[in-house]
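J.: Supplied in structure tokens, the structure appears directly below.
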Amino acid sequence: MTAKTNDYIKRRGLVETNDAEIDNPIFRAEGYEGTPALGEMDNRIGEALRVARERQGLTRPDLSPLLGLTTQVYGRYERGEAKLHVTRLVHLCEILGFSPLELIFAAAPHLWGEAQEEAETRYRLMRHVEQLPLEKTKLLLGVIESFLATEQSSPAST
């Protein structure tokens, strides 16, 4: 690897790991309890899909034709046996009315913070923001941008 790549790995705090699904070593960010395998993240996504589907009162046979899939094929997503492509994720969000953040948070909450409490707080905030009407969203954005400008100009942040 190049020095630039090594510097990037160090700066991002990535760790080298092996995963059963990939032949070569890969670099990942560690989670709160180690680095979950890619297959485990697929299982977490599948569970979140099942919850979203049930929240709408739908069975797999109800949902599958809306996606152009057989019940068996859709079931593979919920069981974590099939990889969910981003386009399929968008389609599921449209049909089931959930945010893509739900599935990503279910799979990798460590992306939202260094500790579980921080991640859960940030995720809750984003969920609330998604529900705000446009005018309140604009007001909140102004407040947040003011906080960030103050933080960036503060001598303690440099």
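The values are calculated or read from the model by the stated rules, or taken from the named source; none is laboratory data. Given the structure is predicted, the values throughout are model-derived calculations rather than measurements. Please note: Cβ atoms are built from the backbone with ideal geometry, for glycine as well, and neighbour counts cover all protein chains shown. Note: areas computed on protein heavy atoms with side chains; ligands, DNA, RNA excluded. Shrake-Rupley method; radii C 1.70, N 1.55, O 1.52, S 1.80 Å.
J.: Restricting the search to segment 106-119, which residues are part of a helix (DSSP H, G or I) and either modelled with pLDDT of 95 or more or more than 23 Å from residue 54 (Cα to Cα) (or both)? If you could, list the steps in order and put the result at the bottom.
T.: Our first condition is that a residue be part of a helix (DSSP H, G or I); within segment 106-119, this holds for 106-107, 109-112, 116-119.
Answer for segment 106-119, where residues must be part of a helix (DSSP H, G or I) and either modelled with pLDDT of 95 or more or more than 23 Å from residue 54 (Cα to Cα) (or both): 110, 111, 112, 116, 117, 118, 119.
J.: Going through segment 114-152 one residue at a time, which ones are of a type in the set (Lys, Arg) and under 30 Å from residue 32 (Cα atoms)?
T.: Matches in segment 114-152: 122, 124, 127.
J.: Open to solvent by 90 Å² or more (accessible area, probe 1.4 Å), within 14 Å of the chain's Cα centre (by Cα) and without any contact (Cβ under 8 Å) to a residue 12 or more places away in the chain - does that describe any residue in segment 104-116?
T.: There is no residue in segment 104-116 that is open to solvent by 90 Å² or more (accessible area, probe 1.4 Å), within 14 Å of the chain's Cα centre (by Cα) and without any contact (Cβ under 8 Å) to a residue 12 or more places away in the chain.
J.: Would segment 126-148 turn up any residue that is surrounded by 15 or more Cβ atoms within 10 Å (Cβ to Cβ), free of Cβ contacts under 8 Å to residues at least 24 places away in the same chain and of a type outside the set (A, V, I, L, M, F, W, C)?
T.: No, every residue in segment 126-148 fails to be surrounded by 15 or more Cβ atoms within 10 Å (Cβ to Cβ), free of Cβ contacts under 8 Å to residues at least 24 places away in the same chain and of a type outside the set (A, V, I, L, M, F, W, C).
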